[in-house]
Every structure is written in structure tokens, then in C-alpha cells.
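Asker: Here it is, the structure in full.
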Amino acid sequence: HEYWGIEPTAPAASVAEQQLDRVLMGTYEDKKAALPDHYFDLIICNDVIEHMTDHDFFLENIKSKLQAVGVIVASIPNVRHILNLYEVLVKKDWAYKAEGILDRTHFRFFTQKSLLATLHRHQYEVQFFQGINAYVGDTWMKKLISQVAIGILGQDTRFLQFAVRFRVKEV
């Protein structure tokens, strides 16, 4: 097995170099030419795609780096998360933060529907899709209110992120 990574920041790249076989410092857009074609059987993008300035370019271009049986595994924040909806609908605010769904470094925002549509548009077959990091509330009142809100707004609003495994559709 061989483990590669691409990391845009020097401190994180330095840490990654202690764990991985090869680390390319920069963005995918900067380093794509250094990645061999049809080489990788697994590409992991945990909390990555939302940081890309052009996720459509990435989703098309990364196909050339995958082996025929290769898969991509990703986690992606859910902009329809109940606490984010509370900020927008009740507090009437869309305030960027240091971390979380409205992280200042996020260029893209996804819902379950928009994420699945994006993958379909790019000719990917979704093999696994699941909400992760469910909100349950830390007091009985928050639990009750969130259960009612989630019941009205949809089960997808319960999850902070989505975990997805997908591969290029066979033609």
C-alpha cells in the first residue's frame, strides 16, 4: 500500500509527511499534474470538496487519477443542518465562523439533494450515502424542539455532514 496526500498549508503538510508515503504541498489544482493517471484505487476527500474554488473541475479531473475500479470517499458539510437553519431562519444571520458549516474557507455549500445532483451530473455512481454526526440536543427542551423541527423540515437536517462513497459510472 502507498499513501499520498495533498495539503495546501505547510504546518499540516509537515504533519502529514510523518504519516504518508508522499505529500504534495499545494492545492489539487496546483498539484494535479504530479499525480499519476489511473493510479489510485481510493481517494479520500474528508472535508475537502467544499474548500475547492471549482469543485466541478475537481470532480471531472480526478476521474483520470482513479483506477477503473477506484472509488472516492468523502465527507461534506450539510448546509441544511438544523443548527445552521436556526442561524439563518430564526437569527436571520449567515455569519461566517472559524470552523463548522459556515467556515470562512468554504467556497461551496451542499445539501443532500444538491450533492447527489452534482455527483449525478458528473457521471458518478453513488455506492453509499449516509448522514453523519446527528444532532440530538443537549437539554430536553433542545431535543424536543429539534425533533419537531426535523420532523417538519426533513430528516436530512439532523446531520452535520454526509458521508458518501462514489465511483465513475461504467459506460
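Asker: Could you sort 76-82, 2-8 so that the peptide with the highest average Cβ count within 10 Å comes first and the rest follow in order? All intermediate terms of the calculation are to be shown ahead of the outcome.
Answerer: Values: 76-82: 22.1, 2-8: 16.0.
By packing density, highest mean first, the sequence is 76-82, 2-8.
Asker: Using a 1.4 angstrom probe on the protein heavy atoms only, line up 158, 104, 22, 121 by accessible area, largest first.
Answerer: Working: 158 70, 104 155, 22 105, 121 130 Å².
Order by accessible area, largest first: 104, 121, 22, 158.
Asker: Rounding to the nearest 20 debye, state how big the charge dipole of the chain is about its Cα centre with +1 on each Lys and Arg Cβ and -1 on each Asp and Glu Cβ.
Answerer: Working: 19 positive and 21 negative charges, 144 e Å.
Using only the charged Cβ atoms, the result is roughly 700 debye.
Asker: What FRET efficiency, computed as 1/(1 + (r/R0)^6) with R0 = 35 Å and r the Cβ-Cβ distance, is obtained for residue 125 and residue 145, rounded to the nearest 0.05? Please list the in-between numbers first.
Answerer: Numbers: r = 38 Å, r/R0 = 1.08.
So, using R0 = 35 Å, E works out to roughly 0.40.
Asker: With every protein chain kept in place and ligands, DNA and RNA left out, what is the accessible area per residue of region 5-139? Probe 1.4 Å, answer in Å². Please list the in-between numbers first.
Answerer: Details: 7770 Å² over 135 residues.
Spelled out: the 1.4 Å probe surface of region 5-139, per residue, equals 58 Å².
Asker: Calculated from the structure, mean projected area of the Cα convex hull in nm² equals which of (1) 16.4; (2) 12.6; (3) 11.5?
Answerer: The value matching this structure is (3).
Asker: Moving on. Quick check: residue separation of residue 132 and residue 34 times 0.36 nm, minus the Cα distance between them. What number comes out in nm? Intermediate values should be presented prior to the final figure.
Answerer: Details: separation 98, 0.36 × 98 = 35.28 nm, distance 3.28 nm.
Full-extension gain reported as 32.0 nm.
Asker: Still on this structure, I have one more. Label residue 56 and residue 41 with points 7 Å out from Cα along Cα→Cβ: what is the distance between them in nm?
Answerer: Label at residue 56, label at residue 41, 3.4 nm between them.
Asker: To the nearest 10 Å², what's residue 153's accessible area with a 1.4 Å probe?
Answerer: Per-residue accessible area (residue 153): approximately 70 Å².
Asker: Counting only protein heavy atoms and using a 1.4 Å probe, what share of the accessible area of the chain belongs to carbon plus sulfur, as a whole percent?
Answerer: Heavy-atom surface of the chain belonging to carbon and sulfur, 1.4 Å probe: 57 percent.
The values are calculated or read from the model by the stated rules, or taken from the named source; none is laboratory data. The shown structure was predicted, so the numbers you read here are calculated from the model rather than taken from an experiment. Every residue, glycine among them, receives a Cβ derived from its backbone with ideal geometry; neighbour counts consider all protein chains shown. What goes into the accessible areas is simple: the full protein's heavy atoms, side chains included, and nothing from ligands, DNA or RNA. Shrake-Rupley method; radii C 1.70, N 1.55, O 1.52, S 1.80 Å.
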